[in-house]
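Taking it in order: structure first as structure tokens, then the write-up.
The values are calculated or read from the model by the stated rules, or taken from the named source; none is laboratory data. Quick caveat, the model's predicted, so the values are computed rather than measured. Don't worry about glycine lacking a Cβ; one is built from the backbone with ideal geometry, like all the others, and counts go over all protein chains shown.
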Amino acid sequence: MPQTTSLITSKLDRARAQLPYLPRALNLVWTAARGWTTAWIALLLIQGLLPAAIVTLTKVLVDSLVTAIDAGRTWYYDWLMTQREAASEIRLFDAGAHFSDSLQSVRARLRGERLAIAINNLRPS
């Protein structure tokens, strides 16, 4: 470990010794290729923002998929609880309480999510 620390320290010392030349080098690059340097800086900024954009868009996608799945599940539970074709099986297996509880919990979660979205939309930007 001490060898690693001394190696890192020596590399940092060498890099620090080169710092006085940095403004001159940047000025030379800017003078030689102003347009390319501007494009490079813009692309570097975009490249830095891409991971955050990907995470944000992925979160939006996952949230919308979960909402769609829950909406489909709500429709299914609602169909099971209200259709005559499914009523006999539900009574036979005594599953009415399970499906009723599941339907209520999914509906409550969807209401909560819709309420949170409505509150976020009302907040001033």
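ALA42: modelled with pLDDT of 90 or more, loosely packed, with under 10 Cβ neighbours inside 10 Å and over 21 Å from the mean Cα position of the chain (by Cα), yes or no? It is false that ALA42 is modelled with pLDDT of 90 or more, loosely packed, with under 10 Cβ neighbours inside 10 Å and over 21 Å from the mean Cα position of the chain (by Cα).
Got a sec? Which of ALA25, ALA68, ALA53 is of a type outside the set (D, E, K, R) and over 30 Å from ALA116 (Cβ atoms)?
Working: ALA68 fails: over 30 Å from ALA116 (Cβ atoms); ALA53 fails: over 30 Å from ALA116 (Cβ atoms).
Answer to the check: ALA25.
Answer yes or no as to whether THR9 is of a type outside the set (Asp, Glu) and surrounded by 11 or more Cβ atoms within 10 Å (Cβ to Cβ). So THR9 does not fit the description; no. Condition first: over 22 Å from the mean Cα position of the chain (by Cα), closer than 30 Å to ARG111 by Cα, part of a helix (DSSP H, G or I) and not acidic (Asp, Glu). Can you find one or more residues in the range 12-28 that meet it? No, the range 12-28 has no match at all. Taking the criterion of being under 18 Å from SER100 (Cα atoms) and in contact with a helix residue (DSSP H, G or I) (Cβ under 9 Å, 6 or more places away or on another chain), the residues of the range 51-75 that qualify are ASP70, ALA71, ARG73, THR74.
Residue count for the range 70-123, restricted to those that are free of Cβ contacts under 8 Å to residues at least 12 places away in the same chain, polar (S, T, N, Q) and assigned to a helix (DSSP H, G or I): 6.
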